[in-house]
Amino acid sequence: MKKRISRAFSGNRPCSKPDFFLGIQHSFRIATERSSRANLKGPFFPDYFTSASALHGWKDGDPYIVNYVGHPMMGAVKGFIYVQNDPRGKGQVFGASPGYWKSRLRALAFSAAYSVQFELGPISESSVGNVGLDGKGHGAVDLVVTPVLGLAWQTTEDAMDRLVVEPLERRFKNRLVRLALRSGLNPSRSFSNGLRFKVPWYRDTREHGVGYR
């Protein structure tokens with residue numbers, strides 16, 4: 001798996017990079033969280049280990065919509081980042097084929113590893129701004145819900161793209177309507193497209209139509 005991930009994120013292909021996404025997440029968090037900005041001043045290693053060791057229980061104190069809507073969307077973005085970099089996975093469309101589900105399970109593994117890094121790793125909430133330094137702010141909910149419900153969100157967008165968007169595109173010929181359908185009904189994929197400097201409606205899986213390669 002490590003070799004596969006290394007190959008997936010190597011080369012000069014126009015693919016989104018997880019470190020770019022990580023930088024955006026931490027930049028937004030530091031910009032919007034006063035406590036994280038204040039905790040940047042402390043001793044790095046003691047504060048980091050104290051923060052990371054604060055993981056306990058299920059809840060982390062975040063609102064329901066953050067944990068069960070926002071984090072699954074973030075998990076789906078991470079899944080799409082992996083798929084976009086996976087030569088065997090990015091051409092797969094939703095369906096019963098083993099190739100599709102194997103690619104999405106690989107994306108799940110990547111999303112789970114990313115979630116652990118984001119919460120507890122060396123470049124994480126625990127180290128950058130020391131979330132958990134006060135003994136609060138860490139729970140198993142983020143480590144489980146983000147990748148697992150993220151996979152559900154990602155496959156739902158895949159299904160929407162094939163079973164809803166494509167039939168509607170054949171019905172509506174207006175360019176703006178078609179682009180709005182592709183972007184609006186696949187928000188996580190649209191965001192991950194932006195991370196690789198592609199338009200939101202871009203698709204790797206199709207070789208025809210507006211906005212595709």
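The values are calculated or read from the model by the stated rules, or taken from the named source; none is laboratory data. Just so it is clear, the structure is predicted and the values come from calculations on it, not from any experiment. All Cβ positions, glycine included, derive from the backbone under ideal geometry; neighbour counts span all protein chains shown.
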Inset, instruction - Output the qualifying pairs, or none if there are none: Cβ atoms under 6 angstrom, residues six or more apart or on different chains, first residue in region 12-31 and modelled with pLDDT of 90 or more, second residue exposed (fewer than 15 other Cβ atoms within 10 Å of the Cβ) and part of a helix (DSSP H, G or I). - result: ILE30/ARG37
Inset, instruction - Could you check, for region 93-110, whether at least one of its residues is closer than 17 Å to PHE20 by Cα, small (Gly, Ala, Ser), within 13 Å of the chain's Cα centre (by Cα) and in a helix (DSSP H, G or I)? - result: no
Inset, instruction - Examine region 182-203 for a residue that is over 25 Å from PHE20 (Cβ atoms) and of a type outside the set (Ser, Thr, Tyr), and state whether such a residue exists. - result: no
Inset, instruction - Only one of these is buried (at least 19 other Cβ atoms within 10 Å of the Cβ) and either among the small types (Gly, Ala, Ser) or out of contact with any helix residue (DSSP H, G or I) (no Cβ under 7 Å at 6 or more places or on another chain) (or both): SER97, SER103. Name it. - result: SER103
Inset, instruction - Name, by its number, the condition in (1) buried (at least 18 other Cβ atoms within 10 Å of the Cβ); (2) in a helix (DSSP H, G or I); (3) touching a Leu at 6+ places or on another chain (Cβ under 6 Å) that does not hold for SER126. - result: (2)
Inset, instruction - Name every residue in region 38-87 that is assigned to a helix (DSSP H, G or I), small (Gly, Ala, Ser) and in contact (Cβ under 8 Å) with a residue 60 or more places away in the chain, in order of residue number. - result: SER51, ALA52, GLY75, ALA76, GLY79
Inset, instruction - Please tell me if ILE123 is closer than 26 Å to PHE49 by Cβ, of a type in the set (A, V, I, L, M) and either in contact (Cβ under 8 Å) with a residue 12 or more places away in the chain or out of contact with any helix residue (DSSP H, G or I) (no Cβ under 6 Å at 6 or more places or on another chain) (or both). - result: yes
Inset, instruction - Please verify whether region 129-143 includes one or more residues that are in contact with a Gly (Cβ under 9 Å, 6 or more places away or on another chain), β-branched (Val, Ile, Thr) and in a loop (DSSP other than H, G, I, E, B). - result: yes
